[in-house]
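Structure record follows, encoded as structure tokens.
The values are calculated or read from the model by the stated rules, or taken from the named source; none is laboratory data. In this text the structure is predicted, and so the values were computed from the model without any measurement. Glycine also receives a Cβ, built like all others from the backbone with ideal geometry; neighbour counts cover every protein chain displayed. Ligands, DNA and RNA are stripped out before the accessible areas are found, and what is left, the full protein with its side chains, is counted by its heavy atoms. Shrake-Rupley method; radii C 1.70, N 1.55, O 1.52, S 1.80 Å.
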Amino acid sequence: MFPPRPTALVQRMLGEIIREGDLVIDATAGNGHDTLFLAVCVGASGRVLAFDVQDAAIVAAREKITAAGFAQRVEFFQKSHERMGEHAENDSAAVVMFNLGYLPGEDHELTTQTETTLSALEAAAMILKAGGVLSVVCYPGHPAGALEAEAVEAWMTARAGEGWRVARYGAIGTRRPAPYLLVAGR
Ligand SMILES: C[S@@+](CC[C@H](N)C(=O)[O-])C[C@H]1O[C@@H](n2cnc3c(N)ncnc32)[C@H](O)[C@@H]1O
């Protein structure tokens, strides 16, 4: 698909950064597509911590990881991503990945929320090591998603003011505001 969707683009970008043995975090495990991608990138000596609040997501993602033979390198936590700091030390992670919104096919009410997303971004910023990358795929196509995207973008812009390198990628000229990717390098 050209241009690549934000969810595909972010994997291409992060695939160039993550090294074998790294600790990385999937803040929104969902169906496990990103968790699986991260598990491949970190190799047998690396570690992926994957968070989701939904039972259905944890079950689906765990199944995908187990089927791929990567159960040893992934730890799942059924808890809100704001609490990632309980499981990773400061300055320890190479990448923290967020894909906002809801789980396709499941309850659309169980979506990420601006307030908890911002707290989770604060936690992620502490955990990221120097040279690490934080990524967020935002969905501004519906009103709550648009507000959340705006808040995340403002948070990212503040990081740019602190010396992080921040960028935004997304389609233009679409009927509804298209999903976009924000990345920040610490
Ligand atoms: C768009 S989906 C993620 C898709 C996933 N990255 C994949 O590759 O399949 C968003 C996920 O965020 C989860 N979520 C919502 N609020 C959350 C929170 N506070 N903490 C962690 N996960 C949350 C939802 O349950 C949903 O599964």
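Some notes on this structure:
- Cβ-defined net charge surrounding TYR180, 11 Å radius [Lys, Arg +1; Asp, Glu -1]: +1
- Entry note, the chain: the mean residue ellipticity at 222 nm calculated from DSSP H runs of n ≥ 4, each adding -39500 (n - 2.57), is -11500 deg cm²/dmol after division by the residues and rounding to the nearest 500.
- Percent accessible area from carbon and sulfur atoms, the chain, protein chains only, probe 1.4 Å: 52 percent
- Size descriptors for region 1-124 (Cα atoms only): Rg and Dmax, in that order, 13.6, 39 Å.
- For the chain, the solvent-accessible area with a 1.4 angstrom probe is 50 square angstrom per residue.
- Charge tally in the Cβ shell below 9 Å around ALA94, where Lys, Arg are +1 and Asp, Glu are -1, ALA94 excluded: +1
- Local electrostatic count, LEU118, Cβ distance below 15 Å [Lys/Arg +1, Asp/Glu -1]: -4
- 10 Å Cβ shell holding at most 12 others, DSSP loop, GluC sites (Glu not before Pro): longest site-free stretch of the chain: 21-88
- Inter-centroid distance (Cα atoms) of region 12-45 relative to region 118-186, Å: 18 Å
- D_trans [Stokes-Einstein, Kirkwood Rh over alpha-carbon pairs] for region 55-146, 37 °C, 0.692 mPa s, µm² s⁻¹: 225 µm²/s
- Cα→Cβ-extended label distance, 7 Å offset, between THR157 and ARG12, nm: 2.7 nm
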